[in-house]
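The values are calculated or read from the model by the stated rules, or taken from the named source; none is laboratory data. Note that the structure is predicted; figures quoted are calculated from it, not measured. All Cβ positions, even for glycine, are placed from backbone atoms using ideal geometry, and neighbour counts span all protein chains on display.
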Amino acid sequence: MSNKEKEYKDLFISEASQMVGELENFLTKLEKEPSDTKTIDSIFRITHTLKGNAAGMGYEVISKFAHALEDLFSEIKNKTILLEADIFNSLFKATDTLNELVNALSDETLVVKHRGIQRKLEVIVENNKKTIAANKSPQSSTKKAITGKNLQTKTPGKTQETSDKEKKLEQLQSQLDSHHQENKKTEELQTEAYDENHQMIQACENEPKKISFSDMVQVPVQKLDNLLNLVGELIIERDRLITTHEANVSRNEFNRLRRVTSDLQYSVMDVRLVQVGFLFNKFHRVVRDAASTEKKQVDLVIEGSETEIDRNILQIISDSLIHLIRNAIGHGLESEKDRLAQKKQGVGKLTLSARNESEGVVIDIKDDGKGIDIERIKAKIVQKGWLDTITAEKMSKEEIISFIFEPGFSTNETVNSISGRGVGMDVVKKAIDSVGGNIKVSTEAGKGSTFTLILPSSMAVKATLLFEVGHAQYAVPLAYTDAVLSLERKKIHKIQNRLMINHQGNTIETIFLRNLFFPEMSLKNELHDQSAAKWNVILVNYNGRKLGLVVDKLLQQKEIVEKPLKKPVDFVRFISGVTILGNGKVCLVINIPQVIQKLFNHSLTVNATAVA
Amino acid sequence: METIKEKNQKSENGQKSQLIVFRLGDEEYGLQIGQIKEVVPTPHITRLPQTPSYVKGVANIRGNIIAVVDLEEKFGLKKEDQQEQKDNYTLVIESNEVKMGVLVRELPNTLNVTQSQIEDAGNIIQDGNSDQSYIKGIVKLEDRLIIMLDVFKTMSENELSSVFKHNKSNENA
């Protein structure tokens, strides 16, 4: 909890400092053009927002201070107070004080004397109101302000003395004034208020002004992207240099370079990381709205909100998360009545949790609802004509569930604002694919389901496994790899035209990557491969579908900087991007989703024609 | 850089222009010098899956990843026995959006021609299928005939993906 509070506090401080900065700018602008109503409106808006924010955070001092400013500007807006040099001085002083107040939030030792200037603002407004009430010219109050101003120039040591004198002078003047005034009472009140406030006001005006800077720098994401690209290129160049010179000099020669560059890389990556809590905390509202539309009772539990992830990834998956949450409420959780009938708690529980794991950041969206109805999905698949009943029956639970990510799939018969239109899950999957992530679904009837998103913590660097096919090196992201096997020829079975292997009780289809990539050279190569004693197989998994890839040679695990393919070859299938290896050669990164999708769709069409 | 710019300027003005001339098969082909970024010894090329065979793959040229094509193969000019001695250099061609490499056997030469020596292709080749015409013009010198290429057309998306779809339908059948 305290973590979250600190996060909000930091956010508030950063926003507030920005607002104060804007305020200062607008004031300067206004001083030059006092009649600019647009600027006045802007200032009014800022003070209002600041007041609201501060009140929301429980910072009463700032809230009240901003309120005083707001009041004054509301008068200025209504043109009941004329903007004069003196008012501007007070206003600038007030913004400074406001800034100090904001800074005091992060620095406990700072003591800010804000009452004086705040009072002064209030006095201006009060005086003005009285002036209006008395229907007279504001001359006298202006005069007094000028008197006060003259006194400010004196040293603080003489403050007491001068203010005594000043009081007398004021009294004299007010008496004098009052003779000329019709409304004596108002004037007296005014004078009293002035006396009372004067010392406070004066004390604060004698302090020297300091320019302060926020500890935060706001940087456009675009600039960070650029920086990251440059670092990526630097890493590639470093690897190239090291490889070329490795033979001539000792390896230690490059240790420092290695260390500095990887430190640099991780620092830049770190800058882009944000806490998932920023996004998660917005879901309270999403859950509330969805729950009230569905007329269900939902309790949202957030875990691991301090987990850090790349800002761009968070942005890309935010819609997907909203969708998954709405789905969990719409499809997963039962109504209160149903839940009570099943001896569950009336309030459904939706857990949103994030954690760091070796392959990146894992986000779970877990509900304790009724679980996914496998039979219903099967029926829908058959109804849609995607599969025949026999094939559907033979499929594993995971394979069946993977159909919910097909475009156009929906089990909800009725369409409502939350779910049931059959668009969505495929979009969710696409978004997650685009960042190189993976999605897994586990479900238990009556107990609920969990959607697990496995996301890279940074877009720039991908943990991959390098391997060789036909003397060229390829990389496959670790997010999709399950296992690496070395199998004897006889462990691989040929069923019709397909190769199957057995792994932990599952029969998994296996292909020669070379056959898929370069069909024209497949024939003679397969013969050659079959003579080899052992086959290296990489087991990959995407969306519940598993596939074995036979490769020539397994190499190392490596973090790579992936670059997209550019025109004119940007449309090439099965490749998500490229990276340059230390030896200067280009290494292709395999797009596992596309490979699996392609094979799966292919078998679907074969099945469909068989049915027809 | 300065001189190249100057030359380009002149060619637009219909005056002198400089061409890069290279051999494909037995013929000479030409490109405006401004289109060519550099000529490098052919680096290691990594094949791309499921691309037409004339797309040799991608190579790392000074940190840029560039698609390399064999135009001899594309134009059907390839002779079996020449395989060994070819592909020694790569012309790196650059436009605003496309960067590509073209394999050539020998170092290309430069040639100065005047605009009037370049004849528009439309006058020479009456091919109805203008979409696929990569020939921009012909330069006629005393004993030489140089074919001006519109090199980006050879690698346009349409062109590549049509071959690509063709592959795909074959494979599915």
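Data overview
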item: Verdict on A:Leu547 being crowded, with 20+ Cβ neighbours inside 10 Å, assigned to a strand (DSSP E or B) and either modelled with pLDDT of 85 or more or within 32 Å of the chain's Cα centre (by Cα) (or both); result: yes
item: Evaluation of B:Tyr89 against (1) within 14 Å of chain A (Cβ to nearest Cβ); (2) touching a Ser or Thr at 6+ places or on another chain (Cβ under 7 Å); (3) modelled with pLDDT of 80 or more (one fails), failing number; result: (1)
item: Strands (runs of 3 or more DSSP E) contained in the stretch A:448-493 and holding at least 2 residues surrounded by fewer than 19 Cβ atoms within 10 Å (Cβ to Cβ) and more than 38 Å from the chain's Cα centre (by Cα); result: A:481-488
item: Pair list, Cβ under 8 Å, 6 or more apart: the stretch B:96-122 residue under 12 Å from B:Val39 (Cα atoms), other residue loosely packed, with under 12 Cβ neighbours inside 10 Å; result: B:Arg105/B:Gln85
item: Residues of the stretch A:333-372 satisfying the condition of being within 23 Å of the chain's Cα centre (by Cα) and small (Gly, Ala, Ser); result: A:Ser353, A:Ala354, A:Ser358, A:Gly360
item: Check on A:Ile317, part of a helix (DSSP H, G or I), at pLDDT 85 or above and either surrounded by 15 or more Cβ atoms within 10 Å (Cβ to Cβ) or assigned by TED's automatic domain parsing to the domain that holds A:Ile439 (or both); result: yes
item: Every pair of residues 6+ apart whose Cβ atoms lie under 8 Å, when the first sits in the stretch B:58-77 and is within 7 Å of chain A (Cβ to nearest Cβ) while the second is of a type in the set (Ser, Thr, Tyr); result: B:Val58/B:Thr46; B:Ala59/B:Thr42; B:Ala59/B:Thr46; B:Ala59/B:Thr90
item: Per-region count, the stretch A:553-597, residues among the charged types (D, E, K, R), in contact with a helix residue (DSSP H, G or I) (Cβ under 8 Å, 6 or more places away or on another chain) and modelled with pLDDT of 85 or more; result: 0
item: Members of the stretch A:67-82 that are assigned to a loop (DSSP other than H, G, I, E, B) and either of a type in the set (Ser, Thr, Tyr) or buried (at least 21 other Cβ atoms within 10 Å of the Cβ) (or both); result: A:Thr80, A:Ile81
item: The lone exception for A:Ser35 - which of (1) outside any helix (DSSP H, G or I); (2) modelled with pLDDT of 80 or more it fails; result: (2)
item: Given (1) over 21 Å from A:Val428 (Cα atoms); (2) of a type outside the set (Gly, Ala, Ser); (3) in contact (Cβ under 8 Å) with a residue 24 or more places away in the chain, index of the condition A:Val362 fails; result: (1)
item: Of residues in the stretch A:526-544 being under 19 Å from A:Lys494 (Cβ atoms) and in a strand (DSSP E or B), the one modelled with the lowest pLDDT; result: A:Lys534
item: In the stretch A:70-97, the residues that are farther than 14 Å from A:Ile43 by Cβ and either outside the structural domain of A:Ala54 (by TED's automatic domain parsing) or within 35 Å of the chain's Cα centre (by Cα) (or both); result: A:Asp96, A:Thr97
item: A:Asn248 being of a type outside the set (Ser, Thr, Tyr) and farther than 29 Å from A:Ile317 by Cα; result: yes
item: Condition met for A:Leu50 (closer than 30 Å to A:Phe280 by Cα, modelled with pLDDT of 80 or more and either in the same structural domain as A:Thr307 (by TED's automatic domain parsing) or surrounded by 15 or more Cβ atoms within 10 Å (Cβ to Cβ) (or both)); result: yes
item: Subset of the stretch B:32-52 (residues that are more than 7 Å from chain A (Cβ to nearest Cβ) and either small (Gly, Ala, Ser) or not in a loop (DSSP other than H, G, I, E, B) (or both)); result: B:Gln32, B:Ile33, B:Gly34, B:Gln35, B:Ile36, B:Lys37, B:Glu38, B:Val39, B:Val40, B:Pro41, B:Ile45
item: Candidate set: the stretch A:550-576, residues that are in a strand (DSSP E or B) and within 9 Å of chain B (Cβ to nearest Cβ); chosen: the one surrounded by the most Cβ atoms within 10 Å (Cβ to Cβ); result: A:Ile575
item: Meets criteria (on the phi < 0 side of the Ramachandran plot, surrounded by fewer than 22 Cβ atoms within 10 Å (Cβ to Cβ) and in contact (Cβ under 8 Å) with a residue 60 or more places away in the chain) for A:Arg119; result: yes
item: Identity of the residue in the stretch A:375-395, surrounded by fewer than 16 Cβ atoms within 10 Å (Cβ to Cβ) and touching a residue at least 12 places away in the same chain (Cβ under 8 Å), that ends up nearest to the chain's Cα centre (by Cα); result: A:Arg376
item: Complete set of residues in the stretch A:429-482 that are among the hydroxyl-bearing types (Ser, Thr, Tyr) and at pLDDT 85 or above; result: A:Ser442, A:Thr443, A:Ser449, A:Thr450, A:Thr452, A:Thr464, A:Tyr474, A:Tyr480, A:Thr481
